[in-house]
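Right, one structure below, let's go through it.
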Amino acid sequence: MNVTCVVAERANEIAVRHCSLREPGDHEILIRTMYSCISPGTELRCLAGQEPNVGKFPMITGYSLVGQVIKGAGAIHEGNLVFANGTSVVPDGITSAWGGHLSRCIVSPDQVVILSPSVDLKMASALSMLSIAMHAVCRSAPLPGDRVLVVGQGLIGQLAAVFMKRAGCRVAVCDLAHDHLDISRKLGVACQYVVEEHWHHSFRRDFPDGVDTLIDATGSAKVIAANLPLLRAKSWSNGYEPSPKVVLLASYHGDVCFDYQQTLFNKEADIVTCRTYLPHERERALRLLTSHVVDISPVLSDTLPAGQASEAFRRLRDEPNRWITLVLDWSAE
């Protein structure tokens, strides 16, 4: 069968290829992709050759797509609208770096989630990233009234702030880019800080005791170290007081170092790492989308035809302060 693929040919080079793909087996389903969403942090690292969890070039990146089933199997029937993380079934000679950007997707029935016809498919195409943000919330176990700072308002940081706010926390966000903070405001997060010289002073005026939870969504170990002083202290007289938390909601190139005495010892901080999401967290995120409780359209900066994928990746790489993420539309393929 003929398929269209978005292929990272080599470092920082994207091409749209027309390739041959095998037919699905008896117990596999075939999806006609409608939309796939780019995860800028992970996929740009793949494109730069800096993501340790993927194979060699050429590769198909992406791990969040929606489409319609054109060949069913098991409990998945033809015509169903479904979500999938991607596929390992890609054309010969190409590596699957989760394989989410291609016009036809072959997976087993247990690898998809059936979508309600009422869900917005463009928003559902970002379900993996929503689920990762939900995973961070579940892992950090916030309590209503907790003070939370989300550092970095890229895609995952934006979504984490939304979910922390829904959990009843007092949420603040910070970023270098004014445009990103404008999006945060549209999503209902009003407490914002532009990262510039002496911004910690302004933050301390609003949060004199620091925050209970510091979420880093930047992927920069240096940024984590710079913001650790904003974490609240833990009482020495009340050992039962909950520990403050540092949540690492990104992949980091190289080592992440902490000041042991000031952060890990004196503050007795809990370090929470986030790898991927669990099925029940994806279900929670999907319910919020399906019921229209959350509207993440502000973070979907634009939709481009899949044939313009090279331009989509260029925008995200070269103009990071302007774009949060981009959706690829596969209707012409």
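Values for this structure:
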{"read-out": "Odd one out for VAL247, checked against (1) assigned to a strand (DSSP E or B); (2) touching a Gly at 6+ places or on another chain (Cβ under 6 Å); (3) aliphatic (A, V, I, L, M)", "value": "(2)"}
{"read-out": "Pairs with Cβ under 6 Å, 6+ apart, first in the range 137-162 and closer than 23 Å to VAL327 by Cβ, second assigned to a strand (DSSP E or B) and not aliphatic (A, V, I, L, M)", "value": "GLN153/ASP175; LEU155/THR325"}
{"read-out": "Among (1) touching a strand residue (DSSP E or B) at 6+ places or on another chain (Cβ under 9 Å); (2) in the same structural domain as ILE156 (by TED's automatic domain parsing); (3) under 21 Å from HIS135 (Cβ atoms) - the single one SER251 does not satisfy", "value": "(1)"}
{"read-out": "From the options GLU333, GLU283, residue that is part of a loop (DSSP other than H, G, I, E, B) and either over 30 Å from MET1 (Cα atoms) or not basic (Lys, Arg) (or both)", "value": "GLU333"}
{"read-out": "Residue in the range 41-59 that is crowded, with 19+ Cβ neighbours inside 10 Å, among the small types (Gly, Ala, Ser) and either in contact with a Gly (Cβ under 8 Å, 6 or more places away or on another chain) or free of Cβ contacts under 8 Å to residues at least 24 places away in the same chain (or both) present", "value": "yes"}
{"read-out": "Boolean, SER237 is under 14 Å from the mean Cα position of the chain (by Cα), over 18 Å from ALA141 (Cα atoms) and in a loop (DSSP other than H, G, I, E, B)", "value": "no"}
{"read-out": "Matching residues, the range 171-227, being over 14 Å from LEU149 (Cα atoms) and hydroxyl-bearing (Ser, Thr, Tyr)", "value": "SER220"}
{"read-out": "Any hit, the range 60-71, residues being exposed (fewer than 14 other Cβ atoms within 10 Å of the Cβ), out of contact with any helix residue (DSSP H, G or I) (no Cβ under 7 Å at 6 or more places or on another chain) and within 29 Å of GLY157 (Cα to Cα)", "value": "no"}
{"read-out": "Subset of the range 269-319 (residues that are among the charged types (D, E, K, R) and touching a Lys or Arg at 6+ places or on another chain (Cβ under 7 Å))", "value": "ASP270"}
{"read-out": "Among the candidates SER96, SER103, SER88, residue that is surrounded by fewer than 19 Cβ atoms within 10 Å (Cβ to Cβ), of a type in the set (Gly, Ala, Ser) and more than 19 Å from ARG317 (Cα to Cα)", "value": "SER88"}
{"read-out": "So GLY55, is it touching a strand residue (DSSP E or B) at 6+ places or on another chain (Cβ under 8 Å) and assigned to a loop (DSSP other than H, G, I, E, B)", "value": "yes"}
{"read-out": "Options ASP206, ASP175; residue that is among the charged types (D, E, K, R) and either buried (at least 18 other Cβ atoms within 10 Å of the Cβ) or outside the structural domain of MET134 (by TED's automatic domain parsing) (or both)", "value": "ASP175"}
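Here's the yes/no breakdown for (1) surrounded by fewer than 19 Cβ atoms within 10 Å (Cβ to Cβ); (2) free of Cβ contacts under 8 Å to residues at least 60 places away in the same chain; (3) within 30 Å of VAL7 (Cβ to Cβ); (4) in contact with a Gly (Cβ under 7 Å, 6 or more places away or on another chain):
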site	(1), (2), (3), (4)
ALA226	yes, yes, no, no
SER243	yes, yes, no, no
HIS253	yes, no, yes, no
GLN262	yes, yes, no, no
PRO279	yes, yes, yes, no
SER291	yes, yes, no, no
PRO305	yes, yes, yes, no
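The values are calculated or read from the model by the stated rules, or taken from the named source; none is laboratory data. None of these values were measured; they are calculated from a predicted model. Every residue, glycine among them, receives a Cβ derived from its backbone with ideal geometry; neighbour counts consider all protein chains shown.
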